[in-house]
Amino acid sequence: MRLTFKGGVHPPYRKYTSENPIKEIGIPEEVIIPLSQHTGAPAKPLVDRGASVYRGTKIGELQGFISANVHSPTSGKVKRVFEWPHPVALKSLPAIIIEPDGEDTLDENIKEDADYLNASPQEIVERVKEAGIVGMGGAAFPTHVKLSPPKEKPIDTLIINGAECEPYLTADDRLMREHADEIIQGAYLILKAVGAKRGVIAIEDNKPEAIEVMERAVRDFPDFEVAVMKTKYPEGAEKQLIWALTRRQVPSGGLPMDVGALVQNVGTSRAVYHAVRYRMPLIERVTTLTGGALANPGNYLVRIGTKVEDFLKMAGGLAEEPVKAIMGGPMMGIAQYTLDVPILKGTSGVLLMTAREVELPRERDCIRCGRCVEVCPMFLYPTRMAYLIKNKRFEEAREIGVLDCIECGSCSYVCPARIPLVQYFKYAKAELRLLAQKA
Amino acid sequence: MNTITISLIGMGAIGLAMALFLLIAYKKLKVHEDPRIDQIDEILPGANCGACGYPGCRHYAEAIIKENAPINLCTVGGPDVTDAIGKLLGIEAEAITPPVAVVMCQGDESVAPRRAKYHGASSCRIEHFTTNGDKFCTYGCIGLGDCVEACQFDAMYMGENGLPVIIEDKCTGCGLCAEACPRDIIEMVPRDQKLFVLCKNKDRGALARKYCKVACIACGICVKNAPEGTMEMKDNLAIILDYKPLNDPEVGNLLQEKCPTNTIVYRE
């Protein structure tokens, strides 16, 4: 039996692009680097209008403990620092707008360290922090923070997350197939940085090629093994993955480090390798561009800051009129209001869906079937929480665990009454934050 | 025959014993409550809206007697209720004129375009907190009517242009609508205020202009033309500091005319 968690759903996977090799997309005519691409405080801009920047030049400095640097993805001139539509905030936020010169000259401070595998843990964390690396699976939590756990919470197990349980997305699958050696070296560096004893590379069993390649790659690294997971959504969710692999439960309101675990996405792992070996900041990533509206869906190596509009054009444009654009996967991704939004460090996929793929259901009354309770991987009581939230009884919703909701969308997906359950939970979290501020 | 007699006597005896017990309990265990609480509760409108700061009318009545709460807090009842309570308690208090709700947004569909179609739960608060709204302007009215639903006095309705309308004669100034609005667009203002900055947008001028034709673009013309100390610019938005000098028709009309985006409105 394959490793897995309790609950979850089986949406149609529609991984149309798993056989499309990663293709480099090139440099767009305009690059938008939002100062806030991560969880935490936005970066402070270091450049102003007219400044010359190069590939890898630091243009925004982290502010505070949970924050991350941002870098220029190519050489050119800073046009201005101004508000620009942001795909996560869903409003305009300050961004550095750069006009590339097409030369793509590398910043002269970026030099290779041939002895990178012997870098000390402090050096690894420092280079990761300097490179502005954040979690590339979607949540975009600054990686250097995760690599600096407090002393009283030692980490023994490192999990490299290649589950990629979201439908449509194939970027991590391709990354593992094509860059297994870089991923495993990055994983080794992370393992060293936190002093973990064991490393596990978790892959769902619907990616047999990736499993094979990774299994070959771990042979040189005795601390690592490949774990084959059952294909089920949300297998790649942090808490579910930890439980499936170690049978340890992250406490309510706690972090993986509370149970001695650390989870990093395969893309992040590769970025760590580039940061430690080449001192290369995070300025490009592999993103799946897919959905029925596209002429050439595929996996693309794209510069951070490329506008979705330009990304589309460079990838061959549209075949059909899209009705919905989503950044991320279809289960947890965020619907967009404009294609001007840039690709961020955490953008794992861009979906352009046609009217045939999108359902716009009307909410009906709960029929008490209990399917949401059955599938909830956090063992919550979604229909009860939604009822309380509709009646503005937020405190009671908190008591039965609304803050533990990981917003995976399994309940909304199975609900036959089409109740937008996760929307209610996200809303309740916002109201509870407001109540806490007032108190 | 015998059975009926016995049961009648038996039941009667039990009934009498119970009645006696209740009588004693009523006399012995009676809670003495100031009768004035009931009287004040009678006078109060009974809307339980919470505008006075207490959960309901009964709580407010108790607070007046037990905690010496001011008697002029009920905006719904207004001066009449204050007078009646004053007469009952033999105290006098200056009746306050209740404020009135004003919708500080003019961004209807014709001037503030929508950026997407929203398909979620039908509530302004939910839409605001989960999607930041379907208008380009992230400060403007969302238009799903949380305020209208909150109003207990039928003093509001959603206008045809998608913005709420307040029936000033019915508005009691309780402030429930202002509390319901996730974007603080509804403000409770003094009834005699005549000049309003009908915008809440804090974006920079260039963006605000793009998002809505009647947005405050922070040009500062009003601040220059207004008497000193009555208006200021804060976070790219004109703010009224002291409304009284601005009620002067000459000043009010001038400011309304000078505002390039018609954000400032003078209502006679």
Quiz prompt | Count - residues of segment B:44-90 that are part of a helix (DSSP H, G or I) and open to solvent by less than 50 Å² (accessible area, probe 1.4 Å) | solution = 13
Quiz item: Which residues, counting only those in segment A:72-102, are free of Cβ contacts under 8 Å to residues at least 24 places away in the same chain and of a type outside the set (Ser, Thr, Tyr)?
Solution: A:82, A:83, A:91
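Yes/no matrix, rows are residues, columns are (1) more than 26 Å from residue A:124 (Cβ to Cβ); (2) assigned by TED's automatic domain parsing to the domain that holds residue A:273; (3) in contact with a helix residue (DSSP H, G or I) (Cβ under 8 Å, 6 or more places away or on another chain); (4) part of a strand (DSSP E or B):
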position	(1), (2), (3), (4)
A:165	yes, yes, no, no
A:178	no, yes, no, no
A:187	no, yes, yes, no
A:203	no, yes, yes, yes
A:222	no, yes, no, no
A:235	yes, yes, yes, no
A:252	yes, yes, yes, no
Exercise. Output the residues belonging to segment A:244-258 that are farther than 23 Å from residue A:204 by Cα and touching a residue at least 12 places away in the same chain (Cβ under 8 Å).
Key: A:252, A:253, A:257, A:258
Exercise. Kindly indicate the residue of segment B:201-215 that is touching a strand residue (DSSP E or B) at 6+ places or on another chain (Cβ under 8 Å) and part of a helix (DSSP H, G or I) and also nearest to the other protein chains (Cβ to nearest Cβ) among those meeting that condition.
Key: B:207
Quiz item: In the set A:140, A:131, which member is on the phi > 0 side of the Ramachandran plot and more than 14 Å from chain B (Cβ to nearest Cβ)?
Solution: A:140
Quiz item: Can you pull out the residues in segment B:106-115 that are more than 8 Å from chain A (Cβ to nearest Cβ) and either in a loop (DSSP other than H, G, I, E, B) or in contact with a helix residue (DSSP H, G or I) (Cβ under 6 Å, 6 or more places away or on another chain) (or both)?
Solution: B:106, B:107, B:108, B:109, B:110, B:111, B:112, B:113
Self-check item: Test for residue A:68: is it more than 20 Å from residue A:307 (Cβ to Cβ) and of a type outside the set (D, E, K, R)
Solution: yes
Practice problem: Only residues that are crowded, with 20+ Cβ neighbours inside 10 Å and within 20 Å of residue B:217 (Cα to Cα): list them for segment B:91-114, please. | Solution: B:103, B:104, B:105, B:106, B:107, B:112
Quiz item: Restricting attention to segment B:89-105, does a residue exist that is modelled with pLDDT of 90 or more, more than 23 Å from the chain's Cα centre (by Cα) and more than 9 Å from chain A (Cβ to nearest Cβ)?
Solution: no
Quiz item: Filter segment A:244-260 for residues that are in contact with a Leu (Cβ under 8 Å, 6 or more places away or on another chain) and within 25 Å of residue A:2 (Cβ to Cβ); which is most open to solvent (accessible area, probe 1.4 Å)?
Solution: A:245
Exercise. Please tell me if residue B:251 is of a type outside the set (Lys, Arg) and modelled with pLDDT under 95.
Key: yes
Quiz item: Given (1) more than 18 Å from residue B:201 (Cα to Cα); (2) touching a Phe, Trp or Tyr at 6+ places or on another chain (Cβ under 6 Å); (3) not charged (D, E, K, R), where does residue B:230 come up short, assuming only one miss?
Solution: (2)
Exercise. Answer yes if at least one residue in segment A:302-314 is under 30 Å from residue A:123 (Cα atoms) and assigned to a helix (DSSP H, G or I), and no otherwise.
Key: no
Quiz item: in contact with a Pro (Cβ under 8 Å, 6 or more places away or on another chain), in a loop (DSSP other than H, G, I, E, B), open to solvent by 50 Å² or more (accessible area, probe 1.4 Å) and without any contact (Cβ under 8 Å) to a residue 60 or more places away in the chain, is that true of residue A:12?
Solution: no
Exercise. Can you work out which of the residues in segment A:54-77 that are surrounded by fewer than 21 Cβ atoms within 10 Å (Cβ to Cβ) and outside any loop (DSSP other than H, G, I, E, B) is nearest to the other protein chains (Cβ to nearest Cβ)?
Key: A:77
Self-check item: Lone unmet requirement of (1) within 25 Å of residue A:236 (Cα to Cα); (2) within 24 Å of the chain's Cα centre (by Cα); (3) not acidic (Asp, Glu) for residue A:308
Solution: (1)
Quiz item: Does at least one position in segment A:341-362 carry a residue that is surrounded by fewer than 17 Cβ atoms within 10 Å (Cβ to Cβ), at pLDDT 95 or above and over 19 Å from the mean Cα position of the chain (by Cα)?
Solution: no
Exercise. Restricting attention to segment A:184-238, report how many residues are closer than 21 Å to residue A:145 by Cβ and of a type outside the set (D, E, K, R).
Key: 13
Quiz item: When residue A:61 is evaluated against the numbered criteria (1) under 24 Å from residue A:311 (Cα atoms); (2) out of contact with any helix residue (DSSP H, G or I) (no Cβ under 9 Å at 6 or more places or on another chain); (3) without any contact (Cβ under 8 Å) to a residue 24 or more places away in the chain, which criterion, by number, is the only one it fails?
Solution: (1)
Quiz prompt | helices (runs of 4 or more DSSP H) contained entirely in segment B:116-185, each with at least 3 residues that are surrounded by fewer than 20 Cβ atoms within 10 Å (Cβ to Cβ), in contact with a Cys (Cβ under 8 Å, 6 or more places away or on another chain) and facing chain A (nearest Cβ under 9 Å) | solution = none
Practice problem: Could you tell me which numbered condition residue A:9 fails, if it satisfies all but one of (1) over 30 Å from residue A:245 (Cα atoms); (2) modelled with pLDDT of 95 or more? | Solution: (1)
Exercise. Working carefully through the options B:246, B:254, find the one that is among the aliphatic types (A, V, I, L, M), in contact with a strand residue (DSSP E or B) (Cβ under 8 Å, 6 or more places away or on another chain) and assigned to a helix (DSSP H, G or I).
Key: B:246
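The values are calculated or read from the model by the stated rules, or taken from the named source; none is laboratory data. Here the structure is a predicted model, which is why all the values come from computation and not from measurement. Positions of Cβ are generated from backbone atoms using ideal geometry, with glycine treated the same way; all protein chains shown enter the neighbour counts. With ligands, DNA and RNA removed, areas are computed over all heavy atoms of the protein, side chains included. Shrake-Rupley method; radii C 1.70, N 1.55, O 1.52, S 1.80 Å.
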